[in-house]
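Heads up: the structure comes next, in structure tokens.
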Amino acid sequence: MKFQDNMPIYQQIEKYLYRQIALGYFKPGDKIPSVRQLAVDLTVNINTVQHALMRLNERKILYVKRGQGNFVTEDTELLAQTRKELIDDQIKQFTSNMLALRLSPQQTLEALRKYYEEKNEKGGD
Amino acid sequence: MTNKELLKIEHLDYRKNRRVILHEVNLSIGTGHIIALLGENGAGKTTLMRIISGVAKNYHGTVCLAGHEEEEKRKTHLAMTDPLKGFLKSSQLNDIVVFYKKVYSDFDSERFEELKDFMSIDLSMKLSQLSKGMREKLIVALTFSRQCDLYLLDEPFNGIDAMTRKKIVNSILRWKSDDSTIIISDHFVTEVAAILDDVIIIKDRTVFTHVSADEILKKHQSIESYYESLYEGEE
């Protein structure tokens, strides 16, 4: 994982894990790797990993089983919400970029529709 | 991260041949941290480490490690990298390990075995046969095999290739116990930035700043550019 150097690393790890969960790489009820394992895998400090996990615990995305580690919540509603947040994030970025290109919402939708059509014609996935 | 105080330095002054090397250094460091000690060549990083470890004497002020001010007691709570200059070039690495086991009662042979394997160190080699990177790996492995509260790594990344640096960084993450604190001196910071809790910068013969890595990044600045910005307008 490559870190940006303008955001605390615990926040980047929090985002990264959040994404892994939202994308379904970790399923509801899955145990996530140990703190030390994550630290070694991501080449970051243990304190930093702990900080990120603590925040995900506070948001109830993860929960701790004593002596066993961190597990992904089984609250599917919360996970759906997590996924929606990620999607909304992407849309927000996209739409503000389109706005910067002076496209109205109508024109943006039209451009998007066209894009998908052309992509399908090319037989892309 | 526990926040018990491990090391406290107050009003430290150090001169050598009438020249002021360090002046009015104050520092408080907690347990369980990984800290970069940054500064230009000759800023006094090594001197500060030598004072903490009890090798450099005749300083003024107090240095207190794990509740001990006496040098002899401090020494039992810390391990500092030794450049191995006291050994003959023809020494076999095996003999150096035997020496470490004899001299340091906190030397953990099992941990050394693991570190040695991780770093692929061949103990049948002679000191003179080691590349710079291999030598640094050996030094770090020997230092880390001691079980103590504070590890002082004096420029472990100086002049070694990226793969070796990565290996050393990984060994730090793997073998560091939760409560021990590591201070790594260096004059640039890119390769260790992600593993740091704190940054200490030595400048103008004193501790110029002691700041958490998160604080720097929160201001949307990399540790590297923060460090460089302190030197802007000089020279």
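What follows is calculated from the coordinates using simple rules that are stated; it is not laboratory data. What you see is a predicted model; the values in this text were computed from it and never measured. Neighbour counts are summed over all protein chains in view; Cβ atoms, including those assigned to glycine, are modelled from backbone coordinates with ideal geometry.
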_For region B:102-172 versus region B:81-95, the gap between their alpha-carbon centres in whole angstrom_ = 13 Å
*Give the dimensionless ratio obtained when the Cα radius of gyration of the protein assembly as shown is divided by 2.2 N^0.38 Å.*
1.21
*On alpha-carbon atoms, Rg over Rh for region B:1-116 using Kirkwood Rh?*
1.00
_Total charge dipole magnitude, the protein assembly as shown, about the Cα centre, Cβ charges on Lys, Arg, Asp, Glu only, Debye to nearest 20_ = 540 debye
*Would you list, by chain and number, the aspartates and glutamates whose Cα falls below 14 Å from the Cα of B:Lys8, excluding same-chain residues fewer than 8 positions away?*
B:Glu24, B:Glu69, B:Glu70, B:Glu71, B:Asp149
*For region B:167-235, how big is the tail of P(r) above 13 Å, as a whole percent of Cα pairs?*
70 percent
*Would you mind giving the three semi-axes, in whole Å and largest first, of the ellipsoid equivalent to chain B according to its Cα gyration tensor?*
28, 21, 18
*asked:* Once you order the gyration tensor axes a ≥ b ≥ c over the Cα atoms, which shape class does chain A get: rounded for a/c under 1.5, otherwise prolate or oblate by comparing a/b with b/c?
replied: prolate
*Using the charge dipole of the protein assembly as shown (Lys, Arg: +1 at Cβ; Asp, Glu: -1 at Cβ; taken about the Cα centre), state which of A:Gln37, B:Val103, B:His220 has its Cα farthest towards the positive end.*
B:Val103
*asked:* Cross-link candidates for A:Lys15: which lysines have Cα within less than 23 Å, leaving aside residues fewer than 8 places away along the same chain?
replied: A:Lys2, A:Lys27, A:Lys31, A:Lys60, A:Lys65, A:Lys84, A:Lys92, B:Lys218, B:Lys219
*Rounded to the nearest 5, what % of the DSSP beta bridges within the protein assembly as shown are antiparallel ones?*
60 percent
*asked:* Taking each pair of distinct Cα atoms in region A:9-63 once, what is the resulting Kirkwood hydrodynamic radius in Å?
replied: 11.1 Å
*Running Debye on region B:92-144 with equal point scatterers at the Cα sites and no solvent, what base-10 log of I(q)/I(0) appears at q = 0.16, 0.18, 0.21, 0.29 Å⁻¹?*
-0.40, -0.52, -0.71, -1.31
*May I ask you to list the lysines whose Cα is less than 25 Å away from that of B:Lys89, ignoring any residue fewer than eight positions away on the same chain?*
B:Lys101, B:Lys102, B:Lys116, B:Lys126, B:Lys132, B:Lys137, B:Lys167
*Under the Karplus relation 6.51 cos²θ - 1.76 cosθ + 1.60, θ = phi - 60°, what is the ordered set of whole-Hz ³J(HN,Hα) values for region B:137-152, x standing for Gly and Pro?*
4, 4, 4, 5, 4, 5, 5, 6, 7, 7, 9, 8, 7, 9, 10, 10
_Check which residues have an amide H placed less than 5 Å from B:Lys203's amide H, if you skip close sequence neighbours._
B:Phe208
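How much length, in nm to one decimal, is gained on full extension between B:His23 and B:His210, taken as 0.36 nm per residue of separation minus their Cα-Cα distance?
65.8 nm
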*asked:* Please list, ordered by chain and number, the residues whose modelled amide H lies under 5 Å from the amide H of B:Leu6; skip anything fewer than 5 residues away on the same chain.
replied: B:Ile29, B:Gly30, B:Thr31
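How well do other chains shield peptide B:185-197, expressed as the mean number of their Cβ atoms within 10 Å of each residue Cβ?
The shielding value for this peptide is 3.
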*Share of antiparallel DSSP beta bridges in chain B, in percent to the nearest 5?*
55 percent
*Any chance you could get the radius of gyration and Dmax over the Cα atoms of region A:77-121, in Å?*
13.2, 37
*Which whole-Hz couplings ³J(HN,Hα) result when phi for each residue of region A:116-122 is put into the Karplus expression 6.51 cos²θ - 1.76 cosθ + 1.60, θ = phi - 60°, listed in order with x for Gly and Pro?*
5, 4, 4, 5, 5, 4, 5
_Given charges at beta-carbon only (K, R positive; D, E negative), |dipole| of region A:9-74 in Debye_ = 120 debye
